[in-house]
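The values are calculated or read from the model by the stated rules, or taken from the named source; none is laboratory data. Nothing here was measured: the structure is a model prediction, and the numbers come from that model. Glycine also receives a Cβ, built like all others from the backbone with ideal geometry; neighbour counts cover every protein chain displayed.
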Amino acid sequence: MKRLSSALSLTALGASTLLLALPALAWELEPERSRVSATVMQITPDGPVPRQHEVRRLVGSADEDGTLRLPLSLNQSDVIERLGSLPPWLSGLTQRPLATLTTQFPPERLERLAVGESLVETLTLKVESGNAMREESLPVRFTKTAQGQVQVTNAERVALDGRTLMADPTLRSVLLLLGYEQIGDEVPVTLDAMLVQPET
């Protein structure tokens, strides 16, 4: 009996140590209220035509130091709805992340905000796509809408480089499937996401 008690104590101690070693989740994105919208300017013989696209149901969680990883896959976008049934070579890509964004924000400053208050931070986004890695700066506004709930939006106008998008083989394939043989040099992007503190 004593050995059993000792074994149980060791197991409990081991589990406690493991839990302490795991990073605690400070904030996470609420998928139903987190999306990115983009305006693609399609260049046609009759002139430029703006087209709206969305990446919805953003999923990501941040640990205590505010490091947030955000994988993006094709099935989160409206591309699937527009294309209908995908060709076999592309259907396998729908679940796999096309890109992973990593950034860091100040969780302690979010917790100190009063409801209704905002702060603006310029975040560094690390974008990993295939074997390529690049960094972008993104000014973001955090607005506390309720206790444990912060809305995240652009603090200023943000646009992606259309030429860079067309140079990416996977993105170019998707754009061609959508009928975009040529797009404008700028793709304005709007972020509207909700960070929430998970219940403990």
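Among the residues of the stretch 161-170, those that are touching a residue at least 24 places away in the same chain (Cβ under 8 Å) and crowded, with 16+ Cβ neighbours inside 10 Å comprise G162, D168.
Taking the conditions exactly as written (assigned to a loop (DSSP other than H, G, I, E, B) and either farther than 27 Å from W27 by Cα or in contact with a helix residue (DSSP H, G or I) (Cβ under 7 Å, 6 or more places away or on another chain) (or both)), does E181 satisfy them or not? Yes; evaluated as a whole, the condition is true for this residue. Residues in the stretch 22-74 that are in contact with a Lys or Arg (Cβ under 9 Å, 6 or more places away or on another chain) and of a type in the set (D, E, K, R) were compared, and the one that is surrounded by the fewest Cβ atoms within 10 Å (Cβ to Cβ) is E32. Given the conditions (1) assigned to a strand (DSSP E or B); (2) surrounded by 13 or more Cβ atoms within 10 Å (Cβ to Cβ); (3) modelled with pLDDT of 85 or more, and given that E128 satisfies all but one, which numbered condition is not satisfied? Of the numbered conditions (1) assigned to a strand (DSSP E or B); (2) surrounded by 13 or more Cβ atoms within 10 Å (Cβ to Cβ); (3) modelled with pLDDT of 85 or more, the odd one out for E128 is (3). Listed by first and then second residue, the pairs with beta-carbon distance under 9 Å, at least 6 apart or on different chains, first residue in the stretch 46-71 and over 24 Å from A26 (Cα atoms), second among the basic types (K, R) and at pLDDT below 90, are H53/R82.
Taking the options V140, V150, V115, name whichever one is among the β-branched types (V, I, T) and in contact (Cβ under 8 Å) with a residue 60 or more places away in the chain.
Details: V140 fails: in contact (Cβ under 8 Å) with a residue 60 or more places away in the chain; V115 fails: in contact (Cβ under 8 Å) with a residue 60 or more places away in the chain.
Just a single option satisfies the conditions, and that option is V150.
The number of residues in the stretch 31-79 that are touching a His at 6+ places or on another chain (Cβ under 8 Å), among the β-branched types (V, I, T) and at pLDDT below 90 comes to 1.
Checked against (1) hydrophobic (A, V, I, L, M, F, W, C); (2) modelled with pLDDT under 90; (3) out of contact with any Lys or Arg (no Cβ under 7 Å at 6 or more places or on another chain), V152 meets all criteria but (2). Among the criteria (1) over 22 Å from S61 (Cβ atoms); (2) modelled with pLDDT of 85 or more; (3) not in a strand (DSSP E or B), the one S137 does not fulfil is (3).
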